[in-house]
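What follows is one structure encoded as structure tokens, with my remarks underneath.
What follows draws every value from the coordinates through simple rules; no lab data is involved. These numbers come from a predicted model, not from an experiment. Here the Cβ positions follow ideal geometry from the backbone for every residue, glycine too, while neighbour counts run over all protein chains shown.
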Amino acid sequence: IIFIFLGVTSYLTDCYGSFDASALAVSAGLHSIFGAALPLFAKDMYLSLGVPW
């Protein structure tokens, strides 16, 4: 996962040039939103796996 994050960071800084700080801020915000939303769906995800945990 860290390699994906580093790759996205490098891509955003290369693409957005002088606006790279804003692009990284949006990326960090989306990362936090997805991190906060994942536990909300984790129980449904485990139940739909079909493996009796």
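What to note about this one:
- Test: VAL8 is assigned to a helix (DSSP H, G or I) and of a type in the set (Val, Ile, Thr): yes
- Odd one out for ALA23 among (1) at positive phi; (2) surrounded by 10 or more Cβ atoms within 10 Å (Cβ to Cβ): (1)
- Selected residue (criterion: farthest from ILE1 (Cα to Cα)) from residues of region 20-53 that are in contact with a Leu (Cβ under 8 Å, 6 or more places away or on another chain) and not hydrophobic (A, V, I, L, M, F, W, C): ASP20
- Scanning region 1-13 for residues that are surrounded by 10 or more Cβ atoms within 10 Å (Cβ to Cβ) and either within 9 Å of the chain's Cα centre (by Cα) or not aromatic (Phe, Trp, Tyr) (or both) yields a total of 8.
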